[in-house]
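See structure below.
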Amino acid sequence: MFDEKIIFPFTAVIGQDDMKKVLIWNMVNPAIGGVLISGEKGTAKSTLVRGLCNVMPDIDLVELPLNVTEDSLSGNIDFEHAVKHGEKRFEGGILQKAHNNVLYIDEVNLLSDHIVKALLESSASGVNIVEREGISFQHEARFILVGSMNPEEGALRPQFLDRFGLYVEVKGESDVRKRTEIVRRRIRYERNPARYLEEWRSHNVKLMQKIKRAKEDLDKVSVTHNAMQLAASIAKEANCAGHRGELVIIEAAKAIAALDSRIVLNIDDIKEAAKFALPHRVRENDETNEPEPQDMPDDSENQENEDMDNDQQDNDQNDFEREEPDQQEEQSDHEPDSSQNTQDGSSDEDTPPEMEMPGEDSENVDDPGEVFAVSKWLSENKRSIVEKGSGKRSLVKTSSKQGRYVRYRCPVKGKINDIAIDATLRASAPYQLKRDRKGMAVAIDKSDIRVKVREKRTGNTIIFVVDASGSMGANKRMKAVKGAIMSLLNDAYQKRDKVGMVAFKKSSSDLLLGITRSVELAEKKLASLPTGGRTPLASGLDMAYEIVKAEKAKDKDMLPVIVLVTDGRATYGSGKMDAFDEALISASRIGAEGIKSVVIDTDNNFIKLNLADKISSAMNADCFKIEDIRTQDIVAAVKLSV
């Protein structure tokens, strides 16, 4: 009988059937590419991962701590060997231990960016390449990548998310009887873990034998053309980027069939695999056109059109139910412009009437629209080294001794402080036999010294620049704008950001709120903001620019972000030039200063002029449609350079 650690038995966990399935599939077929488990805390995520690895005698669980360094992950020089023999020899890291095993990352969404990059390189190629401190080494690093996360603590970067073959979302049990049984089993386990494990040993052995048999039978499972066509069709329906989706579906379906002692895939295998291979890869369709009939499996064609020929085999039937998203673009009513001299960057012949309320002086106050949870719209931002600052938004390098030690570097000219002892010793190790130690254990030369690079989190200073002109009052556009900004303000509060707010309408711009941490005050100012009049876009941009410059003079470590909410139209300027051209000049000044900016385009007219895109290009800003704030598309809206 194989050795078992005292870990809560996998088979004793109540519920979480989906999580159990996807973990077992990966044990049978590592080509699936791992699994990401997302769910609230206390739902047995780590318990099941550790428990299943404990079931399998030939697979070890290698856990990756969040504070891991690149040296520990990828490997480095063998210090002891270098000191004794004066030779550089590679000492493997976590990636080498994880080869042919399970690499488990708890709270994977909190992993540092530089560690994520190293993991991506290894998981993509299956090889770990190390080039540092005079060492050139590479080794195989093929592992089952398993990550778990609590979505309340932040989202995962999309390029890392796609590396997980499957995705499963878990929740706590709602049945009182099951919750009671969970408590009972846990109490029994804690009283005598060894005896409790013995009670479930036969169940674990049975599961182990089933997985081993399925692994042996995996190569016998045949994948027909019809199965491949069905998998590709489902991935196409989901509008998945790339082709990893259908590949994962096939690999997962093979594991399902092998566990069921079958050698041919069926429709249910494909459908079951797709439930977990596609949720994190689904993208919103940009077009409303339905898929062409020839791209769909034959059975679906027959259900939709009885005249289509069915000359495929029975295995080609596709009863996968598709839900066509309702993406009909609503046509907005065009109201007459209050001015015949509209200046919006285009001629009167090809420009729809300005969406302004009749009468330049009339004002209306719209209530905020629905407030919703915002995706990771401002991601972990990096910029030059800072000393001060607090918050939870941006991950920045810091010159102080606060923050996490993430890597090392050679010191620049000047005073040396915050020495990286481990890296310094490794750099000096190969030369110890040749140096005069003078009674010291290790002789350190100045050229050996390495200093720490630290990272800490700090908040951004977000200046909202809001178009409050009459065009925003048409079609209840301002209601949606207020709802979106309210949602962004809630997100700013959670990340401890500072906020300010500028509104522009009629002939000028107004500072509604100076830089403050009071999100509640910002919400009150926004709720009472009226709309009406013309659009002095250049004035709003200029005021935001001056605010940033003034704040930078007070605090050189601030991380400013200008969030411009507008449809891009400009109908009022200084009179010296076209109003839109004047706005472009103001936007270019912000872009030239390197001030990070985000433009939220509110244009919902049937005929779009894409003026906000031109403004965002001048600002070097990311541009998003207002409806995208709800989606997973805004995951790197603010990306400051190191």
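The values are calculated or read from the model by the stated rules, or taken from the named source; none is laboratory data. This one's a predicted model, so the numbers in the text were calculated from it and none came from an experiment. For neighbour counting, all protein chains shown are included, and Cβ atoms are generated from backbone atoms with ideal geometry for every residue, glycine included.
Restricting region 577-593 to residues that are part of a loop (DSSP other than H, G, I, E, B) and in contact (Cβ under 8 Å) with a residue 12 or more places away in the chain, which is nearest to Thr566 (Cα to Cα)? Here the residue is Asp578. Inside region 63-82, can you point out the residues that are surrounded by fewer than 19 Cβ atoms within 10 Å (Cβ to Cβ), modelled with pLDDT of 80 or more and more than 24 Å from the chain's Cα centre (by Cα)? Within region 63-82, just Ser72 meets the criteria. Scanning region 1-56 for residues that are closer than 13 Å to Leu166 by Cα and polar (S, T, N, Q) yields Asn26, Asn29, Ser38. Looking at Leu511, Leu488, Leu529, just one residue is crowded, with 20+ Cβ neighbours inside 10 Å, of a type outside the set (Gly, Ala, Ser) and at pLDDT 80 or above, and that residue is Leu529. Screening region 83-185 for helices (runs of 4 or more DSSP H) wholly inside it with 3 or more residues that are in contact (Cβ under 8 Å) with a residue 12 or more places away in the chain and either crowded, with 19+ Cβ neighbours inside 10 Å or touching a Pro at 6+ places or on another chain (Cβ under 7 Å) (or both) returns the ranges 94-97, 113-125.
Taking region 437-473 only, how many residues are part of a loop (DSSP other than H, G, I, E, B) and modelled with pLDDT under 80?
At the first step, the residues of region 437-473 found to be part of a loop (DSSP other than H, G, I, E, B) are 437-445, 449-450, 459-460, 468-469.
When the remaining residues are screened for being modelled with pLDDT under 80, the result is 437-441, 459-460.
Matching residues across region 437-473 total 7.
Taken together, the residues in region 248-285 that are of a type in the set (D, E, K, R) and assigned to a helix (DSSP H, G or I) amount to 7. For region 503-538, enumerate the residues that are part of a strand (DSSP E or B) and either touching a Leu at 6+ places or on another chain (Cβ under 6 Å) or among the basic types (Lys, Arg) (or both). The answer is Ala503, Lys505. Within region 53-66, residues that are part of a helix (DSSP H, G or I) sit with their Cβ atoms under 7 Å from residues that are polar (S, T, N, Q), at 6+ positions apart or across chains, in these pairs: Val55/Asn204.
Which residue out of Val35, Val13 is modelled with pLDDT of 90 or more, crowded, with 17+ Cβ neighbours inside 10 Å and over 27 Å from Arg157 (Cβ atoms)? Don't jump to the end; show me each part of the working.
Values: Val35 fails: over 27 Å from Arg157 (Cβ atoms).
Testing whether each residue is modelled with pLDDT of 90 or more, crowded, with 17+ Cβ neighbours inside 10 Å and over 27 Å from Arg157 (Cβ atoms) leaves just Val13.
The set of residues in region 418-450 that are farther than 18 Å from Ile77 by Cβ and in contact (Cβ under 8 Å) with a residue 24 or more places away in the chain contains only Asp418. Just one of (1) at pLDDT 90 or above; (2) over 19 Å from Met543 (Cβ atoms); (3) under 32 Å from the mean Cα position of the chain (by Cα) fails for Ser616. It is (2). Exactly one residue among Arg179, Arg188, Arg163, Arg184 is among the basic types (Lys, Arg), modelled with pLDDT under 90 and on the phi < 0 side of the Ramachandran plot, and that residue is Arg163.
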